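Shown next, in structure tokens, is the structure this report addresses.
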Amino acid sequence: MTEMVYGAVSVREGEPVLPKWWRTVDKWVLSCILMLFGIGLLLGLAASVPLAEKNGFGAFHYVMRQAVFGGTAMVAMLITSMMSPLMVRRLAVLGFLIAFVALMGLPFLGTDFGKGAVRWYSLGFASIQPSEFLKPGFIVVAAWMMAASQEINGPPGKSFSLILATIIVLLLSLQPDFGQASLILFAWGVMYFVAGAPMVLLAGIAGAVVMAGSFAYNSSEHFARRIDGFLSPDLDPRTQLGYAANAIREGGFFGVGVGEGQVKWSLPDAHTDFIIAVAAEEYGLVLVLCIIALYSVIVVRSMLRLIRERDPFIRLAGTGLAAMFGVQAMINMGVAVRLLPAKGMTLPFVSYGGSSLIAGGIAVGMLLAFTRTRPQGEIDEIFQGRGR
Amino acid sequence: MTRIPLRPLARILEARANGENPDAIEKENTRARHEDMRDRDRARAEGRLLVLGVVFFCAYAVIGVRMGMMASSEPYEPRARASSAHIVTQRADITDRHGRILATNLETHSLYAHPQQMIEPKRVATELARIFPDLDRERMIKDFSGKRKFVWIKKKISPEQKQAVHDIGDPGLLFGPREMRLYPNGRLAAHVLGGASFGKEGVDAAEVIGVAGIEKVYDTYLRDPAEGGKPLQLSLDLTVQAAAEQVLYGGMKLMNAKGAAAVLMDVHTGEVISVVSLPDFDPNDRPRPPTEGAPDDSPLFNRAVQGVYELGSTFKIFAAAQAMELGLVNPSTVIDIRGPLKWGKHRIRDFHNYGKELSVSKIIEKSSNIGTARLAMMIGGSRQREFLGKLGMLDAVPVEIVEASGSTPLLPSNWSEISTMTISYGHGISVSPMHLAAAYAAVANGGTQVRPTLLKQDGPQYGQRVMSQQVSAASRDMLRRVVTEGTASFGEVEGYAVAGKTGTADKPKPRGGYYKDKVIATFASMFPADDPKYVLILTLDEPETYALGETRRTAGWTAVPVAAEMINRVAPLLGLRPQVEPGKLAGITLTSN
């Protein structure tokens, strides 16, 4: 006892880390993510073979790499999900600063791998895309700022976060990488919405978007033709979208069979942007609906858990992460089924790609950390007689 | 909302009196307010999160449903034609008044490349440059070896060219079927037909759309599937058109003119039988619109419709006809023509001195400006304007080609008395030859308005009456005398009794004033004079000929002989029988040795 009082014997605060983690983590979301990762490997076996052949590697070269990156990502996810929200916030802010500096350094030190946009740092054995790591970091920082603005006498965090978002969007547009830029903007918008954007402003923005859209449609022939082309039901079957649509049709309900698909040989981006087409062709609608269901469970369940959350920071950060994760998957699949105009965007955890996989692991780890069951001050309320 | 002040004075005072710390009250109030605010935020966030969740769920559901719909639909071959199904490739033919083809469609092919499938880009580029000399080899090598996946090479190729390209034997070169617009008669009636080009273009088909002329005006009609490909029948007569173009071209060259236009119109129906504008172009290979220089230097410029000129003395007959219609004069009324006629600072002179006075008939015959101006003074500006309006001189001509909108006449901004006088002899008002043709047709057909048209009509189209039969007949007599005794003596064509009026107008300079040595020479004619069937307007731009020891530019020496030759050629083609007087019997000469 004496030793304990004077700190000679360490005191366990609460229960051990692992049991507590297992008790409080959202096991549904966790298992969905693991399943998605498994499906990604399975599809990689089919989709990345042509790329490996083209680049002169062994047939499953990219699957091996994906497994290694994926293992790293899973470890990162588990470690992150065990941290407390406070810890997550501190590390994420640090990570954000590093990624932000790296993003600004890109024009001087980055490489474009001959693709026309300077987005990567080449490390020889692998490459890093700072913007992938910037996204979760930005969400946490912005959530922190917005949460701070909800304190009495707090800083004007909403404006700060908007300025930050604008700077990042500008930096990303310079690369150019409009996909990531729009994701950042979207994530900020969702957080601002949950943090209490005034209804008048929302209605005004919606009205302005409709007005600008119809004005552009009526006054610019180029824009109108793009929209008409997108809306028209016919599609040149020799474009990427045409191949993707055809692959989905070929697949039907149960697919043409493992390894029997043809679309992966025609589409250069079969292993990244159009992996859902490979899935649809080889495994059919069944697997595609499974994938959609997995994403939908992850996003919707996380949001429902966040409804109960009382801490504004956790609520906002969790919302931002879940929305970004969900919308990225949505855009990828929406393009393949022609609900959205063509835009390159990877399918989180399923598409091939080291940076996006590890950054995705960290982001989902944060989401898991934020959605863990934790006391929501019910006892306090009962004590203070404010219970509802 | 009632807000409790953070430091309520009553409680502070009470606390002070009791020796408590008043700051605790403030802190407690701050905490309460903060918690209140948080509760409100949380309630709102709960609602909004729920909305977000539902929105995401619905979006995923939509994607899933769409996937299911696509998966359950039938796949089609990637090389199927289905993608171009919405492109209507049918375009009706255009024919002349007798059903002879003026524009039709031809099956051909387009040539494009898939550089990613190309095996030897360099050799392909070299071979293509040999087959199509207008293609640039370096440019093609760049296109074929770059990242592009699709390159158009040629929009239309001939079967021979197709075979040659096929013989290159590279899998990266592909053909797409095309329907192209063909004008089998080449330059004939180029300005009426206009031209066509590709609109919406797919790999397997392309929409043919009209870009000018009647092809553009009737674009929707020609492409309307409901019409069932029924050809569009024009009022033009192919043979007459060909003869007219030939004669006009020769005349233009002989008279050293830089341009020429002719309009031949049926006076009863308003049908344009032939309309020529030179220089012309081949609608199969329509030149690009000019980006510099005067618009009328381009072969695309339709002088007969777009060319609004001051057409000079050809207008005099309108003043004479109106004066007779109003009962102010009759053909033998004598008018004082002593010159120069002064009006303010303006002076009106005649080309020659015709003496002190002339009858109305002689004024037309000799083409006296002063006499016509005096007639116009008797009529007055407002009545003159109304009359010219009825003849269609104040609006753009209603012919069915897009260029017709360019024929809007140039009118004086202020229809003053001096304008009235100058307009009476065709100065100060600029109209197109097509306007003049319609107005002369009204004089010729017995005095009813004529609406010019390029479409075949079923029967006579008489409009509003402009002048009486008698005035029309008297005017025709005067015009006939211009040919037999007056300025258009070269216009006599044996057997066809041509009547007409010459007009020579100085060309205006672009920056104001008139050229001394550049004219527009016009001959407005009708034949046969006793019962006119056709009106022919012929205009030469800057003609010049050397005859009888001097350079001559007047219409009588330039436009009239050309018009006479044209009537000589086309009248038999139109089915007009020459009225031959029984002539002297030719002496028979035996040529046998």
Inter-residue pairs, beta-carbon under 6 Å, first more than 7 Å from every other protein chain (Cβ to nearest Cβ) and within 19 Å of A:Phe313 (Cα to Cα) and in region B:34-60, second of a type in the set (Asp, Glu) and loosely packed, with under 14 Cβ neighbours inside 10 Å, 6+ apart
none
Has region B:120-127 got at least one residue that is in contact (Cβ under 8 Å) with a residue 24 or more places away in the chain and small (Gly, Ala, Ser)?
no
Looking at region B:569-585, can you tell me whether even one residue there is surrounded by 21 or more Cβ atoms within 10 Å (Cβ to Cβ) and touching a strand residue (DSSP E or B) at 6+ places or on another chain (Cβ under 9 Å)?
yes
Would you confirm, using the coordinates I've provided, whether A:Ala323 is surrounded by 24 or more Cβ atoms within 10 Å (Cβ to Cβ), part of a helix (DSSP H, G or I), out of contact with any Leu (no Cβ under 8 Å at 6 or more places or on another chain) and not β-branched (Val, Ile, Thr)?
no
Among the candidates A:Ala277, A:Ala293, A:Ala317, A:Ala270, single out the residue that is more than 7 Å from chain B (Cβ to nearest Cβ), free of Cβ contacts under 8 Å to residues at least 12 places away in the same chain, on the phi < 0 side of the Ramachandran plot and not polar (S, T, N, Q).
A:Ala293
Taking B:Arg451, is it closer than 29 Å to B:Pro398 by Cα and either assigned to a helix (DSSP H, G or I) or of a type outside the set (S, T, N, Q) (or both)?
yes
Pair list, Cβ < 6 Å and 6+ apart or interchain, from region A:229-255 residues that are more than 7 Å from chain B (Cβ to nearest Cβ) and assigned to a loop (DSSP other than H, G, I, E, B) to residues that are at pLDDT 65 or above and surrounded by 18 or more Cβ atoms within 10 Å (Cβ to Cβ)
A:Phe254/A:Gly284; A:Gly255/A:Glu282; A:Gly255/A:Tyr283; A:Gly255/A:Gly284
Could we say that A:Arg65 is modelled with pLDDT of 85 or more, more than 29 Å from A:Ala52 (Cβ to Cβ) and charged (D, E, K, R) here?
no
Scan region B:61-101 for residues that are at the interface with chain A (Cβ under 9 Å from one of its Cβ atoms) and modelled with pLDDT of 90 or more and jot them down.
B:Ala61, B:Val62, B:Ile63, B:Gly64
Among (1) surrounded by fewer than 15 Cβ atoms within 10 Å (Cβ to Cβ); (2) within 14 Å of chain A (Cβ to nearest Cβ), there is one condition B:His166 misses while meeting the rest; what is its number?
(2)
Can you go through A:Arg305, A:Arg338 and tell me which one is within 10 Å of chain B (Cβ to nearest Cβ) and closer than 23 Å to A:Val25 by Cα?
A:Arg305
Checking the conditions here, which among A:Lys158, A:Lys135 is more than 18 Å from the chain's Cα centre (by Cα) and of a type in the set (Lys, Arg)?
A:Lys158
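A quick yes/no check of all residues on (1) of a type in the set (Asp, Glu); (2) more than 17 Å from B:Arg38 (Cβ to Cβ):
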| position | (1), (2) |
| --- | --- |
| A:Pro107 | no, yes |
| A:Asp112 | yes, yes |
| A:Val118 | no, yes |
| A:Leu134 | no, yes |
| A:Val141 | no, yes |
| A:Ala147 | no, no |
| A:Gly154 | no, no |
Let me spell it out: the conditions are (1) more than 30 Å from B:Val217 (Cβ to Cβ); (2) surrounded by 23 or more Cβ atoms within 10 Å (Cβ to Cβ), and B:Glu403 meets all of them except one. Which number is the exception?
(1)
With criteria (1) under 18 Å from A:Gly360 (Cα atoms); (2) crowded, with 18+ Cβ neighbours inside 10 Å, A:Trp28 comes up short on (2)
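Conditions tested, residue by residue: (1) modelled with pLDDT under 85; (2) touching a Lys or Arg at 6+ places or on another chain (Cβ under 8 Å); (3) hydrophobic (A, V, I, L, M, F, W, C).
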| site | (1), (2), (3) |
| --- | --- |
| B:Val519 | no, yes, yes |
| B:Ala555 | no, no, yes |
| B:Ala559 | no, no, yes |
| B:Glu565 | no, no, no |
| B:Arg577 | no, no, no |
| B:Gly583 | yes, no, no |
| B:Ala586 | yes, no, yes |
| B:Asn593 | yes, no, no |
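Conditions (1) crowded, with 20+ Cβ neighbours inside 10 Å; (2) under 17 Å from B:His427 (Cα atoms); (3) hydroxyl-bearing (Ser, Thr, Tyr), marked per residue:
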| position | (1), (2), (3) |
| --- | --- |
| B:Met324 | yes, no, no |
| B:Ser332 | no, no, yes |
| B:Ile337 | yes, no, no |
| B:Arg349 | no, yes, no |
| B:Asn353 | no, no, no |
| B:Val360 | yes, no, no |
| B:Ile364 | yes, yes, no |
Which numbered condition in (1) of a type in the set (D, E, K, R); (2) in contact with an Asp or Glu (Cβ under 7 Å, 6 or more places away or on another chain); (3) at pLDDT 85 or above is the only one that B:Glu107 fails?
(3)
Of the residues that make up region B:301-312, is at least one in a helix (DSSP H, G or I), touching a residue at least 24 places away in the same chain (Cβ under 8 Å) and buried (at least 20 other Cβ atoms within 10 Å of the Cβ)?
yes
Determine if region A:20-36 includes at least one residue that is under 18 Å from A:Tyr295 (Cα atoms) and hydroxyl-bearing (Ser, Thr, Tyr).
yes
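The values are calculated or read from the model by the stated rules, or taken from the named source; none is laboratory data. Source: prediction; values computed, not measured. Cβ: placed from backbone, ideal geometry, glycine included. Neighbour counts: every protein chain shown.
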